[in-house]
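Heads up: the structure comes next, in structure tokens.
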Amino acid sequence: MYSYIARRLAFGGLTVFGVSIIVFVVMRILPGDPLVAIFGPEGMSKLTEAQRAHYMAELGLSDPLWVQYLGWAKSILAGDFGRSFFRSESVAEMIVRRGSLTAEIAILSVILSWIVGIPVAIVSALKPNTAADGVVRFFSILFLAVPGFWVGMLIVLGLLFWFGYRAPMAGASLFADPFDNLQLVVGPALVLGLGQAAYIARMGRSALLEVIREDYVRTARAKGLNSRLVIALHALPNALLPVITLSGVLLGLVLAGSIPVERAFGTPGLGNSMAQAVSERDVFVMQNLVFLYAVVFVLINIAVDVTIALLDPRIRYR
Amino acid sequence: MTVTSADSDTATASAPRRLSVLRGVMTLARRSPISAFWGIVAALIVLMSISADVVAPYPPLKSDFRAMQKPPSETHWFGTDQIGRDTLSRVIHGSQTSLTVAIGAVLFGTTLGALWGLACGYFGGRFDMISQRIIEFLQSFPDLILAMAIAMALGGGLGTVIVAIAITRIPFGGRVIRSVVLSLKEMQYVEAARGLGASHVRLMFRHILPQCVAPYLILATTHLGVAIVIEASLGFLGVGIPPPNPTWGNMLADALNAGLVPPWWLVFFPGAAITLTVLAFNLLGDGIRDLLDPKLRGSV
């Protein structure tokens, strides 16, 4: 087991390295000029040749690429995520302050997706190809098609229109101000959670359909066990394994999905900072945030793999 | 001998193949009328976007200062925005961007990925190993974040957005097709062809590739929907196709920036258009999947 975890972590390290290369290539080497990104095409054309060279040198952009890469890697390792061009707060401070809100949204949405998705999966797997199954299938496909940020805008609009309600604008921490905090996270978590629930329901349904046909489930039925217990104790635990794996992938998608959704709700989380960095073309902040999100995604995947290995000996001993 | 038999092969194969496409459509309609219905909806949306200039009641960029921010009415079915542009016309023209980007990204990204997967599965060895690592690195990013970063680095525009979304599609094509090829490669008919002295290129494209068409089609239809949502998100976040071009994402972003309380019609209609289009493609894809691969019926 430990060797499995060690191997998985080593592999994760390699992946993080590869990810850092891709981020660096995308943000620094692709044809887009960082100065154009910062000043905009018009501002760029007003700069003189000397000014351009000056800014490039000041930002460390005229060094050889590998020097730039090493410098970046060194500062990341030291926990220095740089500073926005537009605000005084350092990016590291911003991540700490706003990241917790996004993390809360992500975790809450995963919990919600299980609460909604699993019962739906059970119902539709136990009565496959009936009207109920059809309705569930249609709704899960519908939820896959609806963009979360649009639903978010509609919810904000609806609440404002019918109840004159608007969630607080300022950030509120879970411990200092739990009620305000809840109002901030519940909307995005609901939208993102229902979106995931659709995937969970579909995956749970097909996994359960497969498991129900296995011999050991038939044995359990044959020995006269109550059919609810057969599902709950025998079939469900095995059917949940692929659902857990999927949930890990979805958690990564939620982190990305929370960017437009937080923007739609006006939630002051990290996703909203990302949206802001993008719209301001804040290259360096973007570079670090993209890297951070990818690393978090890699870590989530490792955590999921280890969890699955703990739960499923077949994987552990391979 | 090989040359002539190959030629006669293609000659006889083309006629039944055309027939089988038609038969496929008929079977789809008979076996799952729901998918066929959504297929028609998808076709209508495509038709609408092609003939946008004729169908749309107003030019999408024309402001009418006598009708600013008006709710839906007889003259403007979907209302007008802050500077008096007709929302219906903008939604119709928006479908052009959405579909161009989605089809472009899938044709480019999913196809490139599929060919890459074909080469990986066929050649195996070190090439495959390195390719799989690169694909894993690419998959370590949530789609939207990678697309955002690329779109931002390259600067906005139609081509950029297509490239950005296409790159996020590559790993999926690569993975799926590779696993299909891995199992096909061991089949006896491939071995027989190899025994007859067929070249790598001939084996790959003439014997293995045709078997990859079904999984590719399933993948491509699903990816159309995903690409539409990513394009809309990019537009919403301001790194898509720059305004004033009417795209569904841009329209939603405009609505959000319209003030504290955006008018409901500016929010509702563009989003509904996204939902309807993605739904149509997904359900059509579901039908195609059921038709081509009954084993997968109802799975994710």
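The values are calculated or read from the model by the stated rules, or taken from the named source; none is laboratory data. None of the values given here were measured: they were computed from a predicted structure. Every residue, glycine as well, gets a Cβ built from its backbone with ideal geometry; the counts of neighbours run over all protein chains shown. Note: areas computed on protein heavy atoms with side chains; ligands, DNA, RNA excluded. Shrake-Rupley method; radii C 1.70, N 1.55, O 1.52, S 1.80 Å.
Quick notes
- Environment charge at A:Ile302 (Cβ cut-off 11 Å; Lys +1, Arg +1, Asp -1, Glu -1): +1
- Within the shell defined by Cβ-Cβ distances under 15 Å, the residues around A:Arg221 carry a net charge of +2, with Lys and Arg each +1 and Asp and Glu each -1.
- Computed from label points 7 Å out along Cα-Cβ, the spacing between A:Leu182 and A:Ile315 is 3.5 nm.
- Once the partner protein chains are put back, region B:122-141 shows a loss of at least 50 square angstrom of accessible area, versus the chain by itself, at B:Phe137, B:Ser140, B:Phe141 (probe 1.4 Å, ligands and nucleic acids excluded).
- Take the Cα radius of gyration of region A:223-277 and divide it by 2.2 N^0.38 Å, N being the number of residues; the result is 1.90.
- Solvent exposure of the protein assembly as shown amounts to 48 Å² per residue of accessible area, where only protein heavy atoms count and the probe is 1.4 Å.
- Expected-Rg normalisation [2.2 N^0.38 Å, Cα atoms] applied to region B:193-289: 1.67
- Sparsely packed trypsin sites (Lys or Arg not before Pro) within region A:173-214, loop by DSSP, other Cβ within 10 Å at most 10: A:Arg213
- Cα-Cα separations in region A:175-268 greater than 22 Å, expressed as whole percent: 48
- Distance from region B:46-75 to region A:286-306 (C-alpha centre basis), Å: 44
- For the pair A:Ile115 and A:Leu233, the difference between a 0.36 nm per residue extended length and the Cα-Cα distance amounts to 40.7 nm.
- Compared with the dominant principal axis of the Cα atoms in chain A, helix A:34-46 is inclined by about 40°.
- B:Thr75 paired with A:Leu299, simple spin-label distance in nm, labels 7 Å along Cα-to-beta-carbon: 5.8
- Max mean-square fluctuation residue, GNM over chain A, Cα-Cα springs under 10 Å, options A:Ile141, A:Ile118, A:Ile95: A:Ile141
- Kirkwood hydrodynamic radius computed over region B:38-123 comes to 15.1 Å, based on all pairs of distinct alpha carbons.
- Region A:209-318: C-alpha gyration tensor shape, a/c 1.5 cut-off, then a/b vs b/c: prolate
- Distance from region A:226-241 to region B:208-262 (C-alpha centre basis), Å: 39
- Here's the list of lysines a cross-link from B:Lys185 could span, going by alpha-carbon distance under 29 Å and ignoring same-chain residues fewer than 8 apart: B:Lys295.
- Both chains summed, the buried accessible area for B and A stands near 4400 Å², from protein heavy atoms and a 1.4 Å probe.
- Taking N as its residue count, the alpha carbon Rg of chain A over 2.2 N^0.38 Å: 1.21
- Shape annotation for chain B: C-alpha extents along the principal axes are 77, 43, 35 Å, from largest to smallest.
- Here the contact order of region B:205-300, divided by its residue count and restricted to Cα pairs under 8 Å and six or more residues apart, works out to 30 percent.
- Counting only lysines at least 8 places from B:Lys70 when in the same chain, those with an alpha carbon closer than 24 Å to its own are B:Lys62.
- For region B:115-201, taking the reciprocal of the average inverse distance between every pair of different Cα atoms yields a Kirkwood hydrodynamic radius of 14.7 Å.
- Region B:60-215, Rg to Rh (Cα coordinates; Rh as Kirkwood inverse mean 1/r): 1.23
- Expressed as a whole percent, the accessible area of the protein assembly as shown that falls on carbon and sulfur atoms is 69 (1.4 Å probe).
- For the protein assembly as shown, the orientation-averaged shadow of the C-alpha convex hull comes to 34.6 nm² (one quarter of the hull surface).
- Peptide A:16-27, shielding by other chains (average Cβ, 10 Å cutoff): 4
- Exposure rule at most 13 other beta-carbon atoms within 10 Å, DSSP loop chymotrypsin sites (Phe, Trp or Tyr not before Pro): chain A longest free segment: A:176-316
- Within 10 Å of each Cβ in A:139-148, the average number of Cβ atoms from other chains: 6
- Partner aspartates and glutamates for A:Lys74 [C-alpha distance under 20 Å; skip if fewer than 8 residues away on the same chain]: A:Glu58, A:Asp63, A:Glu93
- Across A:Ser140, A:Ser100, A:Ser279, mean-square fluctuation computed from a Gaussian network of chain A (C-alpha pairs under 10 Å connected) peaks at A:Ser279.
- Taking label points 7 Å from Cα along the Cα-to-Cβ direction, A:Val96 and A:Arg52 give a separation of 4.0 nm.
- Here the Gaussian network model covers chain B, with springs between Cα atoms less than 10 Å apart; of B:Thr80, B:Thr160, B:Thr27, B:Thr27 fluctuates the most.
- About the centre of its Cα atoms, region B:187-300 shows a dipole size close to 460 debye [charges on the beta carbon of Lys, Arg (+1) and Asp, Glu (-1) only; nearest 20 debye].
- Debye intensity ratio I(q)/I(0), log10, region A:118-233, q values 0.10, 0.15, 0.18 Å⁻¹ (C-alpha model): -0.49, -0.80, -0.93
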